[in-house]
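Have a look at the structure below before the remarks.
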Amino acid sequence: MSGWTLMIHGGAGILRPDTLTEAQAAGARDGLGTALDAGRAILASGGNALDAVEAAVRVLEDDPHFNAGRGAVLSFDGSVSLDAAIMDGSDRRAGGVAGVSATRNPVSLARRVMERTPHVLLSGSGADMFSREQGLDQADADWFATPERRRQLAELRARGDAWFDAEMKYGTVGAVACDAQGHVAAATSTGGVMGKRWGRIGDTPLVGAGTYADDRACAVSATGSGEYFIRAGVGHEIAARVRLTGEGIAAAAAAVLADVQALGGTGGVIVASPDGQAVWHFTTPGMFRGRCDASGTRAVAIFGDEGNASR
């Protein structure tokens, strides 16, 4: 038996005091705290890691300060295209969705894929149809596309030479947890990159890239330059280093993100192991993040070296 732990992120990127207003930073900190509380309530009462990561990510999906669910960034044509995944480390079951447009909480749709279909990944109109068949809460474009996201897209379009949000100001959300029984789980959700085209899909819904969980090693949720995270197989690579070499989760996370950086990408990860350890690591100026555990630790951070990366 181990003490439970929960770690969350709201995206990594160009996050500095000069790129966020005080109101934006305060709102994001409040949202991270609310998400921690949602997951903590489950873990502290003996609940399982899978329920906790889903609950935490649902809160972040409903908070317009983050790029997932409500407040997701917009594709170049102004539409919303949402991706999510969830994975249970106890048996490596996983579910993901890509390019969905009407499910209020895509992480819950990903869990339905895992639990009620023989598949791992559904996309587009088929995933939207499955969501309606499952009776999940639906939402229209006005729920997802906030005025601020419309303004940001207009700004990007006006520049004329931009493919997407190259400065990485708007990141993914995710959670990892270890419950009191020593099981780990991970969940990740995103609106992708601002101004994306052609049905682009990043690392978030791909098992082994942006989301991974294995009780033999650890649970990982990633955020950052999705194409590079896919090429490096970040989630699985971190877990493989832990499982096959005995490397600690902090060292494994640092080594894999160094590889991503060598390829040309940046971002961050949160990692939780079955013995109750949890770390975050990022190669950007900041990452929205938070953690709590059975010992009473509770911390929320955004910039640089705020907070302690491991327990």
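Residue count for the stretch 65-75, restricted to those that are within 12 Å of Q152 (Cβ to Cβ) and either within 14 Å of the chain's Cα centre (by Cα) or open to solvent by 30 Å² or more (accessible area, probe 1.4 Å) (or both): 2.
Of the residues making up the stretch 95-105, not a single one is among the hydrophobic types (A, V, I, L, M, F, W, C), assigned to a loop (DSSP other than H, G, I, E, B) and open to solvent by 50 Å² or more (accessible area, probe 1.4 Å). The single residue among A85, A68, A26 that is of a type outside the set (S, T, N, Q) and either part of a helix (DSSP H, G or I) or in contact with a Cys (Cβ under 9 Å, 6 or more places away or on another chain) (or both) turns out to be A26.
Quick grid of which residues meet (1) in a loop (DSSP other than H, G, I, E, B); (2) among the β-branched types (V, I, T):
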{"position": "S221", "(1), (2)": "no, no"}
{"position": "A255", "(1), (2)": "no, no"}
{"position": "G276", "(1), (2)": "yes, no"}
{"position": "V300", "(1), (2)": "no, yes"}
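Let's see how each residue does on (1) under 18 Å from I270 (Cα atoms); (2) touching a helix residue (DSSP H, G or I) at 6+ places or on another chain (Cβ under 6 Å):
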residue: L60; (1), (2): yes, yes
residue: F66; (1), (2): yes, yes
residue: V80; (1), (2): no, yes
residue: S90; (1), (2): no, no
residue: G95; (1), (2): no, yes
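Being surrounded by fewer than 20 Cβ atoms within 10 Å (Cβ to Cβ), in contact (Cβ under 8 Å) with a residue 24 or more places away in the chain, under 30 Å from A180 (Cα atoms) and hydroxyl-bearing (S, T, Y) holds for only one residue in S108, S123, S90, and it is S90.
Suppose we filter the stretch 178-219 for residues that are part of a loop (DSSP other than H, G, I, E, B), of a type in the set (A, V, I, L, M, F, W, C) and touching a helix residue (DSSP H, G or I) at 6+ places or on another chain (Cβ under 9 Å); how many remain? So that I can check it myself, show each step before the final result.
Filtering the stretch 178-219 for residues part of a loop (DSSP other than H, G, I, E, B) gives 179-183, 191-206, 208-210, 215-217.
Of the ones still in play, those that are also of a type in the set (A, V, I, L, M, F, W, C) are 180, 193-194, 198, 201, 206, 209, 217.
Filter once more, keeping what is touching a helix residue (DSSP H, G or I) at 6+ places or on another chain (Cβ under 9 Å): 180, 193-194, 201, 206, 209, 217.
Going through the stretch 178-219 one residue at a time, the tally reaches 7.
Considering only residues that are over 19 Å from H9 (Cβ atoms) and in contact (Cβ under 8 Å) with a residue 24 or more places away in the chain, which ones fall in the stretch 249-273? Answer for the stretch 249-273, where residues must be over 19 Å from H9 (Cβ atoms) and in contact (Cβ under 8 Å) with a residue 24 or more places away in the chain: D259, L263, G264. The residue of the stretch 243-298 that is least open to solvent (accessible area, probe 1.4 Å), among those that are under 19 Å from D37 (Cβ atoms), more than 15 Å from the chain's Cα centre (by Cα) and among the charged types (D, E, K, R), is D293. Residue selection: E237 fails the criterion of being surrounded by fewer than 24 Cβ atoms within 10 Å (Cβ to Cβ) and either in a strand (DSSP E or B) or touching a Lys or Arg at 6+ places or on another chain (Cβ under 9 Å) (or both).
Out of everything in the stretch 106-126 that is among the β-branched types (V, I, T) and in a loop (DSSP other than H, G, I, E, B), what residue ends up being nearest to the chain's Cα centre (by Cα)? It would help to see each step written out before you state the result.
Initially, the stretch 106-126 is screened for residues among the β-branched types (V, I, T), giving 107, 113, 117, 120.
Adding the requirement that they be in a loop (DSSP other than H, G, I, E, B) leaves 117, 120.
Details: T117: 23, V120: 17 Å.
Looking at residues that are among the β-branched types (V, I, T) and in a loop (DSSP other than H, G, I, E, B), I get V120.
I'd like the residue in the stretch 187-207 that is open to solvent by less than 10 Å² (accessible area, probe 1.4 Å) and either of a type in the set (V, I, T) or in contact with a His (Cβ under 7 Å, 6 or more places away or on another chain) (or both) and, out of all such residues, is farthest from G233 (Cα to Cα). Filtering the stretch 187-207 for residues that are open to solvent by less than 10 Å² (accessible area, probe 1.4 Å) and either of a type in the set (V, I, T) or in contact with a His (Cβ under 7 Å, 6 or more places away or on another chain) (or both), the one farthest from G233 (Cα to Cα) comes out as T190. If the condition is being under 22 Å from the mean Cα position of the chain (by Cα) and at pLDDT below 80, then the stretch 149-186 contributes F164, D165, A166, E167, M168, K169, Y170, G171.
Applying the set (1) without any contact (Cβ under 8 Å) to a residue 40 or more places away in the chain; (2) at positive phi to D30 leaves exactly one unmet item: (2). Restrict the check to the stretch 77-85 and report whether at least one residue is modelled with pLDDT of 95 or more, under 21 Å from V120 (Cβ atoms), among the charged types (D, E, K, R) and surrounded by 24 or more Cβ atoms within 10 Å (Cβ to Cβ). Within the stretch 77-85, one or more residues are modelled with pLDDT of 95 or more, under 21 Å from V120 (Cβ atoms), among the charged types (D, E, K, R) and surrounded by 24 or more Cβ atoms within 10 Å (Cβ to Cβ).
Within the stretch 1-47, track down each residue that is open to solvent by 40 Å² or more (accessible area, probe 1.4 Å) and within 22 Å of T204 (Cβ to Cβ).
I14, T34
Being under 19 Å from D259 (Cα atoms) and among the charged types (D, E, K, R) is the filter here, so list the residues in the stretch 195-234 that pass it. D203, E227, R231, listed by residue number. Filtering the stretch 257-274 down to residues that are assigned to a loop (DSSP other than H, G, I, E, B) and of a type in the set (S, T, N, Q), which residue is modelled with the highest pLDDT? Top of the filtered list is S273.
The values are calculated or read from the model by the stated rules, or taken from the named source; none is laboratory data. Since the model is a prediction, treat every value here as computed from it, not as a measurement. Glycine gets a Cβ as well: all are built from the backbone with ideal geometry, and neighbour counts include every protein chain shown. For the accessible areas, the whole protein counts, side chains as well, though only heavy atoms, and no ligand, DNA or RNA atoms are used. Shrake-Rupley method; radii C 1.70, N 1.55, O 1.52, S 1.80 Å.
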